[in-house]
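Worksheet for the structure shown next.
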Amino acid sequence: MPTRRAIGILAGVLLSLGAALAPAAADCVAEGSAGASQGPFRMHLSAGCTQAERESRALDAADVMAALKRGQAIDLSGVVIRGDLALDALPVAADPPAIEGAAVEAGREVRVVAAGVALVNSVVRGAVRHRSAQGLLLFAGPVTFAGTAFEQLVDLSRAVFAQPVTLSGAVFLRESYFVQGRFLREVTAEKTAFGPHTRFHRSQFLGPVTFQQSGFSGLAEFLEVAFDRDANLSRTYFKLGTGFSGSRFSGLADFSEALFDGDAFFTFTRFDGDAFFRRATFRAAADFDDAQFNAREDFSKAFFEKGPQFTRAKRSGKGPEALGLENPQVQYAITLSLLLFSALLIAYLIRTR
């Protein structure tokens, strides 16, 4: 009897343990065909996967690079990638595709990422870099790094992005370089965290771009950058020195409610569209020397802790259009309505006496 009783108790414990573990195992769902040599290089790990489970299914950067060399689309979500993604190891294209707005000089090396690249809610342990001093890196498909954390250097200098780029929610823990980059479609980088040094030096944004509510925790260089469409940098946080010197904004430049903790340089910056700095905060130097404001400028309710510099700046003299109750026309309409209401009320009171 004791033996049977012990066996029964043990069986009950095992059944209870199995019932407790079954839901946990079912929470982590892995989908994809990352090992296939054709079709997309795909791996999706569900939100229920623990960090240990993700680490146990970590992908090797060499396998991702092999897929890129085969021309496969990269579709990864919730994964961990170990090792460096050395994109300058891609073969030089003998006949690179013609991309509108991305003319290539004769004899210049071009490496091509033929299909889309999606790294979503993932972790990249190694560096991502393209270090060809003269060559171009062409992303022919859309690129999204939404929600992904990059633990090492990201250097995509001299890259051409032919389709939309999405960086929203990404975290760059180290340096991120996009020097002389060309973005032919829209760039969406909302609530993105940039690390100790970010460079977009001499880049060109042909489509609209937004860095709304993003944070630059280190130096942020946007020197000699061309923004051909609207640029939304509202409610963006710049912790250290920030430079937009020599840049050109052809569309709206919206820095409303932006916070500059370090020095901000807009020297020789050209604003062909409206420039909004409404409620922006400058806690260090704010240098607009030699800047050009060719449309409306709005510095209403902006706070300058040290006072702004506008030496030799060309000011348009066009103030912001007041909105809502601040608009004089709206105020006149309200006043007229109140007068009319008062007149009607007086007439009614006289008539009822």
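For this structure, a couple of remarks:
- Charge context of residue 30, other residues only, Cβ under 14 angstrom, K/R +1, D/E -1: -2
- With contacts taken as Cα pairs under 8 Å at a separation of at least 6 residues, segment 141-283 carries a relative contact order of 15 percent.
- Rounded Å value of the spacing that divides the Cα centres of segment 203-232 and segment 157-174: 12 Å
- Legend: residue pairs 191/306; 239/301; 191/239; 239/314, Cα-Cα distance threshold 26 Å; pairs beyond threshold, 191/306; 239/314.
- Per-residue packing, averaged as other Cβ atoms within 10 Å, sorts the ranges 125-133, 239-247, 307-315 into the order 239-247, 125-133, 307-315, beginning with the highest.
- For segment 28-324, the Stokes-Einstein estimate of translational diffusion at 25 °C and a viscosity of 0.890 mPa s comes to 122 µm²/s, using the Kirkwood hydrodynamic radius over alpha-carbon pairs.
- Taking Cβ atoms as reference points and 9 Å as the exclusive limit, the residues near residue 129 contribute a net charge of -2, counting Lys and Arg as +1 and Asp and Glu as -1.
- Selection among 309, 47, 141 by position relative to the dipole of segment 28-324 gives 309 as farthest towards the positive end (Cβ unit charges, Cα centre).
- Sorted peptide list for 176-187, 56-67, criterion being average Cβ within 10 angstrom, highest first: 176-187, 56-67
- Charge sum, other residues only, whose C-beta stays under 14 Å from residue 76's C-beta, Lys/Arg counted +1 and Asp/Glu -1: +1
- Note, ³J(HN,Hα) from phi for segment 55-66, Karplus 6.51, -1.76, 1.60, rounded to Hz, x at Gly and Pro: 5, 5, 10, 4, 9, 8, 4, 4, 5, 5, 4, 4
Just so you know, all these numbers are worked out from the coordinates, no wet-lab data involved. Given the structure is predicted, the values throughout are model-derived calculations rather than measurements. In this analysis, Cβ positions are derived from the backbone assuming ideal geometry, glycine residues included, and neighbour counts consider all displayed protein chains.
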